[in-house]
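These notes are about the structure you will find just below.
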Amino acid sequence: GGRAGDAFLVGVRASTGTVDAVSPASHPSFSYTMPLKDASVKLHWADSGQVPLPLDRTAQGFHHLGDLTLRVRKAGSAGGYSTHSTVSRKPPLATAAAEATLARDGLSSSVDASRCLTPPLPFGRGLALRREVRVVGAEATLSLTITNSDPTSGVEIGGLGFLG
């Protein structure tokens, strides 16, 4: 790691809006987050069998800093909740990334995370999830804002997991 009182560098993955790197400014080649791929790191995970496989966190199912999982249903519904997540890494990531906004100072990034949910929400078309990484002074924050702009389509949130 870095030195006591060291500032940190925060990198955001353009394709997902998740945090890619958290590095001490005095040691930028080091990151507290695991790399996406590293052939020198061998791990056992589901379906790896007896032989550990090289690290590859680009596959489906790997969580990254800023990923979210949401359990929702129509307001007043007696039915179960449906689960939606940004962890799948399936399209429309390219569409969401193309619409990501970066502040002029280059210190803040925002992406419409609702476009990254798999499966897409079957209702609540007014439901929006905005994932934002913001740097103000010496503080970096990772936030999620959920809004429903459709007053005729209430949504109940039964669970929210935000890796942050």
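Once fully extended, how much extra length lies between LEU43 and ASP150, figured as 0.36 nm per residue of separation less the alpha-carbon to alpha-carbon distance?
34.0 nm
Calculate, for segment 39-84, the solvent-accessible area per residue in square angstrom, rolling a 1.4 angstrom probe over the heavy atoms of the protein chains.
For segment 39-84, the solvent-accessible area averages 60 Å² per residue.
Short version: ³J(HN,Hα) in whole Hz for each residue of segment 41-56, in order, from phi by Karplus 6.51 cos²θ - 1.76 cosθ + 1.60 (θ = phi - 60°), x for Gly and Pro, what are they?
9, 10, 9, 9, 8, 3, 6, 7, x, 7, 9, x, 9, x, 4, 8
What does the accessible area of SER31 come to, in Å² to the nearest 10, when a probe of 1.4 Å is used?
40
Under a 1.4 angstrom probe, counting protein chains only, how are ARG125, ARG131 ranked by accessible area, largest first?
ARG125, ARG131
What is the gain in length, in nm to one decimal, between ASP6 and SER26 on full extension, counting 0.36 nm per residue of separation less the C-alpha to C-alpha distance?
6.5 nm
The values are calculated or read from the model by the stated rules, or taken from the named source; none is laboratory data. Nothing here was measured: the structure is a model prediction, and the numbers come from that model. With ligands, DNA and RNA removed, areas are computed over all heavy atoms of the protein, side chains included. Shrake-Rupley method; radii C 1.70, N 1.55, O 1.52, S 1.80 Å.
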